[in-house]
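Notes follow the structure.
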Amino acid sequence: MEANNISNNKEEKIEWGGWLNEFLWICAGSNREVLRQCPTDYAKYAGIGGTILFTALMAMLSGGYALYFVFESIPKAIAFGIFWGMLIFNLDRFIVNTMYSDGKVTISWREFYSGLPRIIMAIFLGIVISTPLEMKIFEDRINSQLVKDNIERTNASRAKIDEGNKPLSDRRNLLEQQQAEIQDRLAKANEELKKEGEGSALSGKAGHGQIYKDKEKNLKAIEKELSMWNSSHQQELEDLREQIKINRDKGNADIAEGNHENGFCVRYEAFSNVKKENFALSVVSLVIMLLFIIIETAPTFFKMMIASGPYDDYLRAEMHRVRVLSDKRISDLNDEVNTEVQISTQKNKERLAAEALANKELMERIAKAQAELLQTAIDKWREEELAKINENPSKYIQSNTTNS
């Protein structure tokens, strides 16, 4: 009696595996109805589901962080992060559930070759997911590098502006040099004239003698030269200065706008520069990326390395049962179709035979009717000919002789 109770308990169907297990089994894409009957495999497939789930969560954070610097909108970043996480979640479930496994703890070449496209896809997803998170981890270094990069870009942009202004600057410098030379000569002439008037010049006498008049004449000539130069070149000099100022202001505005850029591409460029300048940081970044690649590829390799358990045996049995039922259904359908074809063929044969018999009877009746009609015509013709003979035999004979 006790043995029967134990046997009945063992055969009782398990209806629920616990909410956490059930949720993680959904993430793993397992057949929960079958898996519930295999308690020894609960942890195995819960672990696979957990790996897929947390990979999707990291992808969600990574995608949201990356898109925030594209649109600078928290709602859009959250929406894209959720979409990206669900996309990675679906891809990982697909990769794991379409993997071939021979049920052994070792990875065979057949398993590896069949899983290679999925492994490559998983590596690519690991790199895509890790990059934004690496940038978040090293955000302080990236911000410092952005300042440095902005300074370098500013200097390069100003050098480019100056290079574009060089023809204008050269012309402006030439005109300013000419103007300064004339003004220097004017100031020197004015100073000499003043000294000559005070007696401190060449003559040593105060007054307005011939030397003073010559110096005064020279001063007026220089003043006239400066006036003529101003009338000819002052406007051009002002225009050059204004154009150079406009170009610099426009360039500085572009530089200021560029320095305020904080998009994903600019930050990634700064991150790349940080890794180039700091070997230790580049090693850490590589380790983080490899960690995400391992996490992303882990379910694929787990599926290859996990030995078959009760769940796999049940699943193979269920798949075999479904396949046999499917084959039986196909066989039954084929039998039904063949029977219908045979019945239809037999019906066609019978119909053709009936039609042939009916046609034969019809033809016989037609032939009989034609024979009767022909016999009637012959009898009628015989009677007419006999009547002609009885009426005038000689004429009948003569007529037939003439026709012959």
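Filter segment 211-228 down to the residues that are of a type in the set (Asp, Glu) and closer than 13 Å to residue 192 by Cα, then identify the one that is surrounded by the fewest Cβ atoms within 10 Å (Cβ to Cβ). Don't jump to the end; show me each part of the working.
Narrowing segment 211-228 to residues of a type in the set (Asp, Glu): 214, 216, 223, 225.
Narrowing further to those that are closer than 13 Å to residue 192 by Cα: 214, 216.
Numbers: 214: 12, 216: 17.
Once the filter is applied, the top-ranked residue is 214.
Note on segment 173-187: residues that are open to solvent by less than 60 Å² (accessible area, probe 1.4 Å) and under 60 Å from the mean Cα position of the chain (by Cα) total 2.
Can you spot a residue in segment 333-349 that is surrounded by 13 or more Cβ atoms within 10 Å (Cβ to Cβ) and either of a type in the set (Asp, Glu) or in contact (Cβ under 8 Å) with a residue 40 or more places away in the chain (or both)?
Quick first cut of segment 333-349, residues surrounded by 13 or more Cβ atoms within 10 Å (Cβ to Cβ) only: none.
So far as segment 333-349 goes, no, none of its residues is surrounded by 13 or more Cβ atoms within 10 Å (Cβ to Cβ) and either of a type in the set (Asp, Glu) or in contact (Cβ under 8 Å) with a residue 40 or more places away in the chain (or both).
Summed over segment 64-80, the residues that are modelled with pLDDT under 80 and part of a helix (DSSP H, G or I) give a count of 7.
Do you know which of the residues in segment 293-349 that are among the small types (Gly, Ala, Ser), in a helix (DSSP H, G or I) and over 36 Å from the mean Cα position of the chain (by Cα) is farthest from residue 107 (Cα to Cα)?
So in segment 293-349, the residues among the small types (Gly, Ala, Ser) come out as 298, 307-309, 317, 326, 331, 344.
If we keep only those that are in a helix (DSSP H, G or I) too, we end up with 298, 317, 326, 331, 344.
This time we only want the ones that are over 36 Å from the mean Cα position of the chain (by Cα), so: 317, 326, 331, 344.
Values: 317: 23, 326: 32, 331: 38, 344: 56 Å.
Filtering first and then ranking leaves 344.
Pairs, please: C-beta under 8 Å, at least 6 apart or cross-chain, first residue within 15 Å of residue 67 (Cβ to Cβ) and modelled with pLDDT of 80 or more and in segment 261-284, second exposed (fewer than 14 other Cβ atoms within 10 Å of the Cβ) and charged (D, E, K, R)? Nothing qualifies. Here segment 45-104 is the region considered, the condition is being among the hydroxyl-bearing types (Ser, Thr, Tyr) and open to solvent by 50 Å² or more (accessible area, probe 1.4 Å), and the residue that is farthest from residue 21 (Cα to Cα) is 68. For segment 310-329, what are the residues that are open to solvent by 70 Å² or more (accessible area, probe 1.4 Å), of a type in the set (Asp, Glu) and at pLDDT below 80? Within segment 310-329, 313 is the sole residue that qualifies. Could you say whether any residue in segment 81-99 is modelled with pLDDT under 85, among the aromatic types (Phe, Trp, Tyr) and closer than 25 Å to residue 321 by Cα? Yes: segment 81-99 contains one or more residues that are modelled with pLDDT under 85, among the aromatic types (Phe, Trp, Tyr) and closer than 25 Å to residue 321 by Cα. Quick check: anything in segment 355-362 closer than 30 Å to residue 45 by Cβ, open to solvent by 60 Å² or more (accessible area, probe 1.4 Å) and either aliphatic (A, V, I, L, M) or touching a Leu at 6+ places or on another chain (Cβ under 9 Å) (or both)? Looking for residues that are closer than 30 Å to residue 45 by Cβ, open to solvent by 60 Å² or more (accessible area, probe 1.4 Å) and either aliphatic (A, V, I, L, M) or touching a Leu at 6+ places or on another chain (Cβ under 9 Å) (or both), one finds none in segment 355-362, hence no.
Can you confirm whether segment 229-237 contains a residue that is within 59 Å of the chain's Cα centre (by Cα) and buried (at least 17 other Cβ atoms within 10 Å of the Cβ)? Yes, because at least one residue in segment 229-237 is within 59 Å of the chain's Cα centre (by Cα) and buried (at least 17 other Cβ atoms within 10 Å of the Cβ).
Only residues that are under 26 Å from the mean Cα position of the chain (by Cα) and either open to solvent by 50 Å² or more (accessible area, probe 1.4 Å) or among the polar types (S, T, N, Q) (or both) were counted in segment 105-127, giving 10. Might you check whether a residue that is of a type in the set (D, E, K, R) and in contact with a Phe, Trp or Tyr (Cβ under 9 Å, 6 or more places away or on another chain) occurs anywhere in segment 379-396? Looking through segment 379-396, at least one residue is of a type in the set (D, E, K, R) and in contact with a Phe, Trp or Tyr (Cβ under 9 Å, 6 or more places away or on another chain).
Within segment 381-399, can one find any residue that is surrounded by 10 or more Cβ atoms within 10 Å (Cβ to Cβ), without any contact (Cβ under 8 Å) to a residue 12 or more places away in the chain and within 30 Å of residue 87 (Cα to Cα)? No - not one qualifying residue is present in segment 381-399. Residues in segment 134-160 that are crowded, with 18+ Cβ neighbours inside 10 Å and either of a type in the set (A, V, I, L, M) or closer than 19 Å to residue 80 by Cβ (or both): 134, 135, 142, 146.
Of the candidates 95, 48, the single residue that is more than 30 Å from residue 268 (Cβ to Cβ) and either hydroxyl-bearing (Ser, Thr, Tyr) or assigned to a helix (DSSP H, G or I) (or both) is 48.
Suppose we filter 120, 151 for residues that are without any contact (Cβ under 8 Å) to a residue 12 or more places away in the chain, in a helix (DSSP H, G or I), within 30 Å of residue 52 (Cβ to Cβ) and β-branched (Val, Ile, Thr); which single one remains? Outline the logic, then answer.
Numbers: 151 fails: within 30 Å of residue 52 (Cβ to Cβ).
Result: 120 is the single residue among 120, 151 that is without any contact (Cβ under 8 Å) to a residue 12 or more places away in the chain, in a helix (DSSP H, G or I), within 30 Å of residue 52 (Cβ to Cβ) and β-branched (Val, Ile, Thr).
The values are calculated or read from the model by the stated rules, or taken from the named source; none is laboratory data. Everything numeric in this text was worked out from a predicted model, so none of it was measured. All Cβ positions, even for glycine, are placed from backbone atoms using ideal geometry, and neighbour counts span all protein chains on display. Note: accessible area is taken over every heavy atom of the protein model, side chains too, but ligands, DNA and RNA are not part of it. Shrake-Rupley method; radii C 1.70, N 1.55, O 1.52, S 1.80 Å.
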